[in-house]
Amino acid sequence: MNHNLDMHRIPQHIAIIMDGNGRWAAERGKPRSYGHQAGVEAVRRITSECTRLGVKFLTLYTFSTENWNRPAAEVAALMALVLSSLEDEIFMKNNVRFRVIGDMQRLPQEVQQKLQETMDHTANNDAMTMVVALSYSSRWEITKAAADIAAAARDGRLAEGDINEDTVARHMTTAFMPDPELLIRTGGERRISNYLLWQIAYSELYFCDTYWPDFDEKGLHDAIADYQSRQRRFGKTEEQVEEEEKNRK
């Protein structure tokens, strides 16, 4: 299935904006919640395949801070779905650790408890870490980091002159993992939607029209193959990158 992929160049961190659940359901004459349920099956497929390919971090945009503005019934259905989808099988079968980034304090108490239980239960799994961005937005995260840095400077724990990019990165909720090499967005939209704005400064972006419930192993391979076809320059010239690659061989 992955015969065209260079297994030595698999992204170690893939971030995904899982878009299109509602439109997928609407095209089938079903309520939006039906699409969200189908999206859970896609999560299982992609988690298993990422583990098999050797991806080390998979970060999924599940519920943004802006999503709290959706109709109350849909928010309630999404919270119930979070609870029901946190099954041990998907994590223990694939040796996957579970982590959460986001403003957990806004979540219902039973959801917070279930999330913590799942994180504790999977803490020793080490094949891959699945990170769920839940009640998350980049503006929330960057604002929180700025406030934490200001408090540290005020209390004398951090000198103003020592504040740099590394300081900011350490105060991000994602400090425990590397930045994504590849960001995938399904569903046909071409925007980032307030997701990992600091972390994707040099990520490769891949957009596809496939709705998330239909996103499968082939779609994942297509995204990785596209990533592998690109030259990652990080601000350098093509000639500089080619020279560095030649020196590494």
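The values are calculated or read from the model by the stated rules, or taken from the named source; none is laboratory data. All figures in this text were calculated on a predicted structure; none of them were measured in a lab. FYI the Cβ positions are ideal-geometry reconstructions off the backbone, even for glycines, and counts take in every protein chain you see. These accessible areas exclude ligands, DNA and RNA; they are computed on the full protein's heavy atoms, side chains included. Shrake-Rupley method; radii C 1.70, N 1.55, O 1.52, S 1.80 Å.
So here's what we get for this one:
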| quantity | calculated |
| --- | --- |
| Accessible surface, 1.4 Å probe, highest first, among residues Ser84, Ser135 | Ser84, Ser135 |
| Stretch gain in nm, segment Ala72-Ser229, where the contour uses 0.36 nm per residue and the Cα spacing is subtracted | 52.2 nm |
| Rough spin-label spacing in nm, given labels placed 7 Å along Cα→Cβ, for Ser84 and Met104 | 2.4 nm |
| Isotropically averaged projected area of the chain, using the convex hull of Cα atoms (one quarter of hull area), nm² | 15.9 nm² |
| Radius of gyration, Dmax [segment 18-102; alpha carbons; angstrom] | 13.8, 39 |
| Theoretical gain in end-to-end length, Arg191 to Thr143 [0.36 nm per residue, Cα-Cα removed] | 15.2 nm |
| Distance in nm between pseudo-label sites at Ala150 and Ala169 (7 Å out along the Cβ direction from Cα) | 2.5 nm |
| For segment 90-180: Kirkwood Rh in Å [reciprocal of mean 1/r, alpha carbons] | 14.9 Å |
| Greater than 29 Å apart at Cα, pairs in Lys30/Lys218; Lys114/Lys144; Lys93/Lys144; Lys56/Lys218; Lys218/Lys246 | Lys93/Lys144; Lys218/Lys246 |
